[in-house]
Structure formats: C-alpha cells, structure tokens
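Below is one structure, written out as structure tokens; the observations come after it.
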Amino acid sequence: MNPKTAESVDSAVLEPPREKVGVAALVRLLGAHRGALAWSSVLTITASLLRLAVPLLAMRAVENQDGRVAAIVALAALFALQAGASSVGAYLLQRTSESVVLRLRRALVPRLLSARVRLHDEHRVGDLLSRATTDVGAIREVVMRGLVDLLTGTVTIIGAMALMIWLDWRLFLLTVLPVTIGVALVFTVLAGIRAAALRAQASLGAFAADMERALSAIRTVKANNAEPREAKRIGGHADDSYTAGVRVAKLESLVTPAMELAANGSMLVVVLVGGMRVADGSTSLGQLVAFLMALMYTVMPLAGIFGIASMVQKGLASLGRIQEVVSAPAESGRTAPAAVPEPAATAPALEFRNVSFSYGRGLALSGASFQVEAGTFTALVGLSGAGKSTVFSLAERFYEPQDGEILINGVPVDRFPSPQAVRSRTALVEQSCPVLHGTLRENLVYGRPDATDEEIADVVHRVRLDGLIAKLPRGLDTLVGDHGSALSGGERQRVAIARAVLRRPGLLLLDEPTSALDPVNEAALSAVIKEVSTSCATLVIAHRISTIRQAEKIIVLDAGKVVGVGSHDDLVRDNTFYQALALSR
Ligand SMILES: Nc1ncnc2c1ncn2[C@@H]1O[C@H](COP(=O)(O)OP(=O)(O)OP(=O)(O)O)[C@@H](O)[C@H]1O
Ligand SMILES: [Mg+2]
C-alpha cells in the first residue's frame, strides 16, 4: 500500500472538527435532559451521603455496647436505602443516556440526508456512518458512566475528607502526602491515556470507512484479486487501534498501583500513628475504624475520576464529529427574496443562461447557455468529461452555479421555495442508474409512492420490463439485491427509466439511459423516450448516434462550453466538432 495514499485517505477520516467543542457544548447537549439528570443526581448524591453515614454507625457499633443492636439495625436499613437510591438513580441516568443517544441520532439522520451534496463529496460513507454509531456511543458512555462516577466520586471524596478532618485532623494531615504522591503519578499518565484513546478511536473510524469501501465494491475487489491487499489495509487500521488500545491499557495499569500506593501508604501511616494515639488514649478505637473507612472512601473513587477525565475527552471529540454534521449547511431554500413568478407553460422547460460552475479546480462549465423547449426531445452530446452530467447536477440543484442563471419553466431555480420544489418538477436517471435494495415494486414507485397498479403495469410494459417480471416467481415483489445486484445492467437501466417516467415530470433528464442495452431494446426504449418527450421535455445525454439523430435539437458541449446547437443535419453541415464526434460513432 502506498503510504501517501493511506495518509490522504486517513486525513479524510481523521479530519478534526472545524470548531473546537468544549465542555460547554456537552452541558448544552445535556441541558434538555436536566429534569431527569437532576433527579438521578439527587438520588446518586443521597446514596453517596448515606454511604458516608456507614463509618459513623460502625464507630457507634464498635464503641457503644448498649446501642450495638440498634446501630447494626440502622446500618442494615442504611444499606437498603442506599441500594435503592443508587439503583433508581442509575436507572434514571441510563434512561437519560439512551434519550441523549436517540436525540443525537434523530438529529443526525435528517441532517445527513438533507446536507448539501458537497458534504457527501467531502466525507466517506463509512466515516459518516461511524459518527452515527461509534461517536454517539462514546457520548452515551460519558453520560451513563462518566456522570454517575463523577457525581458519586466527587461527593464521596469531599464528604469522606470532611469526615476525616472532623474525626482527627492531625491524622488527616498525615495522609495528605502519600495521596498527593499517588495523584501526581496518575496525572503524569493521564495525558498519555487521552492521546492513545483518541488514536484508537480514529483508527476505528478509518477501519469502518475502509471496510465500507471494500464491501461496497466487493466484485471489483475480487475481480482484481485484491482481497489480500484490502484485508491488509483494513487490518492495518485494526492493528493501529490495537496498538493504541494496548497503550491505554499499559498506562491505565499504572493508575491502580499508583492509587494503591496512595491507599496503602496512607493506611500504613494511619495504622501506625493512629495505633499509637489509641494506645495513649488521645483517640478511640471506634474513631480509628471510622477514620480508616473514610480513608478508603476517599482513595477508591479517585481512580474512577481519573478514568472519567479521559472518557470526557473522548466524548468531546465525538461530539465535535457529530456537530460537524449537524451544523453542516443544509440545502438552501430561496436565495432571491422576490415572490415566485408563476411558471409559464410557453417558457422553455429548462434554460441555462451563461452558467459557469467549478467543483473547486478549473471550470466544469463556463458560460454555458442553451434552452430545452417544452414537449421536445433534446440531446446533450460531448466527449467524456465535457460537463454533461454536471449540467444535470446543476438543473437538480445538487450544486449552485458560481455564475449565470438556470430557469425551469421560465422561473430561476433559486426563486423556487426549496431545492425539493425544483426536483418535484424534474425526474433524473443518473449515469450509474442506481437501484436501491428492496423489491422491484418499491424501486419503481420510489418517486411516486401513490402510483396505481395500472400505472405501474403500463410503465413496466413501455420500458420492456414485462418479460423479466413474468419470469420472476414473485414478480414485482422480487428483491433486487444490494444496489440491484440481482439485476442485469440493462435491467437496472430500465428500472431507473421506469421510475423516472412514472413520476410524470415536466422535465425528464436521462444520463446515458440506454448505454447498457442491446440494439433491439435500445431502439425500443428510444422510441419510448421519444414518445414520452411529447408530454414532457426530455434532455438525454447520449453517445449513440442512433439516439442522437432522433433528437429535435442537439446541444454540443466541449470542455464546459456550448460549441453548437441545432439539428443533426445542421450540425453535420456546419459544426466541425460535431462532425468529428458524429463520425467517430
Ligand atoms: N463531484 C465532483 N467533484 C469534483 N470534480 C468533478 C465532480 N464530478 C465531476 N467532476 C469533474 O468535472 C468535469 C465534468 O464532469 P462530468 O461528470 O460533467 O462529465 P461528463 O460530460 O458527464 O462525462 P462522461 O461522458 O464521462 O460522463 C470532469 O472533469 C470531472 O472530473
Ligand atoms: Mg457523465
């Protein structure tokens, strides 16, 4: 694998969020759930406080002969209360974290679907998917485990420290040193843990994206005998994730001994000094027992709190990745403030006026002007890369032109209330003729879910799919496979054309719709397209001269410029570029 390629691929996945997301963003995210969070906090804190009463009762049980039974009964009651409060609190918190996940996913899905096509040009599918799954999961962790540990830990530590000071402040001062040493040790490894955890997370994103790349093109992978290379490439990301994960484990394995050092060191000091103080009568045995318990309550949650710090870091990185999608600009509605003029039936179905457009490097279209009259069959021809498919993308408002104007029925597309309003007047068959997983019927009615059986049967007959459907045991209810893999290339094209025709659009855009068809079906379908074009304007990108000749008007595109418009005969006579193009067909 070329390391340079790997790097450029990774940079797309590992791309840092454009805005740095801080704890404030997390707080805002959780703000909507403050009711449930407040309740679970109250319960969790109550449970922590109840736990703190245990050393006090234990002290009484040890010291007070008469009250021992009462103290033990109270202890049992306390344990029950504490268990109840902490389990209800934990349940509430878990439910809240599920709600946070739901809310994020619900926000992500429509945003992903309604984001501009540019966002999809810029990001890999696997990477976008991992934002809705892995990254949302990281935030769930923060809410579910992070918050509860943070709350109980902080309350317990503060409370236990206060208790120790109250019980014996001199003894407390003696414990400060070993605990400080332990904490300092943990702090030194914490930064390393954070970096390694982020790396593990990023490798996982790259793993998902490359997995998607290979699985979605599995036939290409196999045909090129690339399975071992793909396995190595994807496995490489798994290796990276493993290495980073092991580093996290190594560093985290230092946390426990450091905390144990703190715990045992301070315990030794307390036992030693406290024992002497009990012996000389300056403190009681019960007090010493309570002090030791409080000490344990201080030291134990410390490790957890350090874990949360790195978890929150991971959660923030994920929140940044999610917010990048959520805040990505959606497709814009109307850009011109004026009221929408009524579409005129006499106006051209589609008109480009001096349109220039660039994908970012060089002009894909430069100053293109042409008209497609209503009720006509127009062909768009040109060499590969001339900008033909780009014309369709602009007519569908997948992109906005940098210059010029595009009009549908005489109305500029940016005066329509939304891109969807433009698309409801047009039907597009893309060059790749995508067929979605599902049944044939679902694919046919995808653009018009309310189509009747008669309409479907009519369209199926017109695009010559009836032979295929008659052969299938389940007919229209046959599954077509992922990306229509159970259909032939020509069948996929006919399904895509049928889907477009069924929408009864005002403008039909067909991008090489018959390139995969045999001459018999091609001729038949060209006749259908010609017939359809009498009721709706049809613009066809075509390479076959037989299709092109049928067009009333031909638009010739070369390197983004319109270099000729006219009928086949006119162009053959006057246009040298078209002559060369037509001769080569
Ligand atoms: N999404 C994109 N991002 C960047 N550049 C693009 C994108 N789509 C197309 N291009 C570039 O824009 C130019 C015009 O592409 P377009 O797809 O319109 O060509 P075409 O005329 O349809 O070619 P073909 O006959 O091969 O389908 C090409 O140079 C292409 O590389
Ligand atoms: Mg094309």
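Tell me the per residue accessible area of the chain using a 1.4 Å probe; a whole number in Å² is fine. Dividing the accessible area of the chain by its residue count gives 49 Å². By the combined test of axial Cα extent (at least 27 Å) and Kyte-Doolittle hydropathy (mean at least 0.0), the qualifying DSSP H helices of the chain come to 34-63, 68-114, 147-216, 227-279, 285-326. Summary of packing: across the peptides 372-385, 514-527, the per-residue average of other C-beta atoms within 10 Å ranks them, highest first, as 372-385, 514-527. Computed about its Cα centre, the charge dipole of the chain is approximately 800 debye, with only Lys, Arg, Asp and Glu carrying charge at their Cβ. FRET efficiency for the Ala279 to Arg105 pair, using the beta carbon distance and R₀ = 56 Å, is estimated at 0.35. Between Glu122 and Thr180, residue separation times 0.36 nm minus the direct Cα-Cα distance comes to 16.1 nm. Within the chain, antiparallel bridges make up roughly 50 percent of the DSSP beta bridges whose residues both belong there. Quick one: check the C-alpha center-to-center distance for the stretch 115-131 versus the stretch 563-577, whole angstrom. Cα centroid of the stretch 115-131 versus Cα centroid of the stretch 563-577: 42 Å apart.
Per-atom-type breakdown for the stretch 24-154 gives carbon and sulfur 67% of the accessible area (1.4 Å probe, protein chains only). How big is the gap, in Å, between the Cα center of the stretch 403-452 and the Cα center of the stretch 500-544? So the two Cα centres are separated by 15 Å. With the simple model of a label 7 Å out from the Cα in the direction of the Cβ, Ala53 to Ala580 spans 9.3 nm.
Label positions at Thr534 and Val246, each projected 7 Å from the Cα along the C-beta direction, are separated by 7.4 nm. Full extension of the chain between Val326 and Ala559 gives 80.2 nm of extra length, using 0.36 nm per residue less the Cα-Cα distance. At what distance in angstrom do the alpha carbon centres of the stretch 84-108 and the stretch 192-259 lie from each other? About 29 Å separates the Cα centre of the stretch 84-108 from the one of the stretch 192-259.
Toward the positive end of the charge dipole of the chain, with +1 on the Cβ of Lys and Arg and -1 on the Cβ of Asp and Glu, the farthest Cα among Leu204, Tyr91, Leu502 is that of Tyr91. Subtracting the Cα-Cα distance of Arg68 and Ser567 from their residue separation scaled by 0.36 nm leaves 168.9 nm. The lysine pair count for the chain, using Cα distances under 15 Å and pairs eight or more places apart or on different chains, is 4.
The values are calculated or read from the model by the stated rules, or taken from the named source; none is laboratory data. Because the structure is a prediction, the values reported are computed rather than measured. Note that we place each Cβ from the backbone using ideal geometry, even for glycine, and neighbour counts take in every protein chain shown. Just so you know, the surface numbers come from the protein's heavy atoms only, side chains and all, with ligands and any DNA or RNA stripped out. Shrake-Rupley method; radii C 1.70, N 1.55, O 1.52, S 1.80 Å.
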